[in-house]
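Written below as structure tokens is the structure these notes are about.
None of the figures in this text is laboratory data; all of them are computed from the coordinates on show. Please read these numbers as outputs of a predicted model, since none were measured by experiment. Here the Cβ is made from the backbone with ideal geometry for all residues, glycine too, and neighbour counts use every protein chain on show.
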Amino acid sequence: MAAKLDLGTFMQKVKEDNPNEPEFHQAVHEVAEVLVPYVNENPRYIKHKVLERLVEPERVIQFKITWHDDHNEIQVNKGYRIQMNSCIGPYKGGLRFHPSVNLGILKFLAFEQVFKNSLTTLPMGGGKGGSNFDPKGKSDLEIMRFCKAFMEELSKHIDENTDVPAGDIGVGGREIGFLFGHYKRLRNKFTGVLTGKGLEYGGSLIRPEATGYGLLYFVDCMLKEKNDGLKGKNVVISGSGNVSFYAAEKCVELGAKVLTLSDSSGYIYDQEGIDAEKLKVVAKIKFEDYDRISAYVNHFPNAVFVEGKTPWEVQCDIALPNATQNELHLDDAKKLLSNGCKLVAEGANMPCTPEAVHFFLENGILYGPGKAANAGGVATSGLEMSQNSLRLSWTREEVDERLRNIMYNIHEQCKKFADEKAGNINYFKGANIAGFVKVANALIAEGY
Ligand code: NDP
Ligand code: 2IT
């Protein structure tokens with residue numbers, strides 16, 4: 001019989017093989033602390049070295065992007081695509097444009113994506129890419145020149161059956177449009193090579209809303225499990241981008257009160273609640289003017305902008321960290337508990353530090369990990385791929401219904417593998433094992 005796997009030894013090797021990539025180590029550790037005991041009970045996975053094989057990307061592509069800015073100066077950036085795992089389908093995952101982007105951050109995101117995509121029940125492998133390009137303050141033409149230069153290289157490595165990127169931080173509808181247009185011109189082919197496209201050129205209804213809506217469908221399942229619901233709940237949300245906006249919209253629709261939104265400069269707190277009318281103003285600030293969320297208080301003087309802080313100090317029933325990785329720390333988790341928070345669900349990828357996650361699990365706060373809770377975005381990307389292949393478009397109701405079913409299904413899978421007899425469902429355990437099993441079985445079946 002194969003020797004049992006030891007978490008410490010396994011992580012030591014991951015760190016040695018992938019130096020200076022703390023976020024990747026963190027993402028692997030979060031999965032491994034659940035999966036090492038599981039594989040030790042299922043020796044087939046040990047024999048086939050499944051965990052050791054899953055942490056190694058199938059392919060890492062790094063390239064140079066040269067473009068010129070509005071002052072006709074040459075600018076140089078780094079571009080990446082991590083093709084992490086294709087056992088259950090073509091590589092699938094977003095592109096992030098943010099100055100903090102580096103290899104380790106994209107490897108963490110690509111690794112998470114493998115398990116998340118598996119949970120959606122759709123045939124999608126995992127990938128992630130992006131650039132250290134900072135879109136903030138750039139003109140539309142600068143964004144377009146950059147996207148074209150980025151696609152010049154990326155186009156050599158993607159197509160609709162191999163690798164299908166989408167958006168993430170700093171990449172929304174505008175950027176996907178420029179990227180798609182340039183791919184089409186380079187290849188002289190109109191294909192579903194990207195998701196998150198505009199409705200006029202192959203996009204799916206509900207894709208822009210899907211991560212935020214899906215998050216709330218998942219939260220609703222978590223609450224139903226406790227014979228509770230969203231109506232009347234006070235919700236704090238971080239971020240004010242794609243995920244946060246549509247999460248807020250769905251909260252309002254389901255009768256909850258949204259108290260905060262934020263960005264990297266601070267948070268706005270509206271004690272009266274950010275309702276549907278106020279969200280229209282937020283949409284203008286963020287998606288038309290590309291402005292800061294602090295501009296909200298110019299429209300609604302009863303709200304306050306709290307500079308340099310995160311919203312976790314605000315009293316709430318539910319907290320939705322929807323901005324970025326490691327934005328919610330142990331101290332924040334303690335504040336949330338003492339303020340009466342009962343549920344934390346991650347719209348962002350790995351927004352809670354490991355210490356915060358363990359604090360939630362040990363102190364009775366229901367915790368929905370990102371790979372389950374925010375999977376609605378990529379799931380709807382999968383639905384966009386299906387529609388592109390079929391060359392037809394489903395109605396808004398049809399896509400929304402499928403999204404709801406997928407989130408319900410993910411919740412059921414988490415429940416099944418959490419294997420709890422009483423007390424809170426351990427979604428952290430359930431999501432990691434459920435996501436793993438399908439990929440692991442395919443990996444073994446496909447040989448090496
Ligand atoms: P957007 O670019 O639309 O919005 C990002 C938001 O997060 C902005 O408000 C931004 O503020 C804030 N933010 C980014 N970096 C930081 C930081 N270092 N500190 C504080 N705030 C920060 O991105 P999305 O909404 O698409 O993505 C948000 C999160 O959700 C990410 O973790 C992403 O990986 C994840 N996600 C996204 C999906 C999607 O479909 N888009 C699907 C699943 C997960 P600022 O403008 O100041 O930078
Ligand atoms: O983190 C994610 O799941 C995304 N950014 C969405 C990826 C996708 O391919 O839609």
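Worth a mention:
- The chain - share of DSSP beta bridges that are antiparallel (%, nearest 5): 60
- Label-point separation, His329 to Lys226 (7 Å along Cα→Cβ), nm: 2.6
- The range 410-440-the range 233-262 distance, computed between alpha-carbon centres (Å): 26
- Computed extension length for Asp69-Lys156: 28.9 nm, one decimal, from 0.36 nm per residue of separation with the Cα-Cα distance subtracted.
- Rounded, prolate or oblate (a/c below 1.5 giving rounded, otherwise prolate when a/b exceeds b/c) for the range 28-93 by Cα gyration tensor: prolate
- Among Met11, Met385, Met350: highest mean-square fluctuation, GNM of the chain, C-alpha pairs under 10 Å: Met11
- Projecting label points 7 angstrom from Cα along Cα→Cβ for Arg44 and Thr395 puts them 4.3 nm apart.
- Using θ = phi - 60° and Karplus 6.51 cos²θ - 1.76 cosθ + 1.60, couplings along the range 285-298 (whole Hz; Gly, Pro as x): 4, 8, 9, 9, 8, 6, 9, 8, 5, 4, 4, 4, 6, 5
- Under 5 Å from the amide H of Met124 lies no amide H of any residue 5 or more positions distant or on a separate chain, with H modelled from the backbone and absent for Pro and chain starts.
- Based on alpha carbons, the Rg and Dmax found for the range 228-371 are 14.0, 43 Å.
- Over the chain: helical MRE at 222 nm, DSSP H runs n ≥ 4 each giving -39500 (n - 2.57), nearest 500: -14500 deg cm²/dmol
- D (Stokes-Einstein, µm²/s), Kirkwood Cα radius, the range 233-308, 1.567 mPa s at 4 °C: 109
- Cα gyration tensor shape of the range 234-275, rounded if a/c is under 1.5, else prolate or oblate by comparing a/b with b/c: oblate
- The chain shape via C-alpha gyration tensor axes, a/c threshold 1.5: rounded
- Inter-site label distance for Lys416 and Glu355 at 7 Å from Cα along Cβ, in nm: 3.7
- Theoretical FRET efficiency, 1/(1+(r/R0)^6), r = Cβ-Cβ of Gln271 and Glu200, R0 35 Å, to 0.05: 0.30
- Computed from the C-beta positions of Lys13 and Glu446, the FRET efficiency with R₀ = 25 Å rounds to 0.60.
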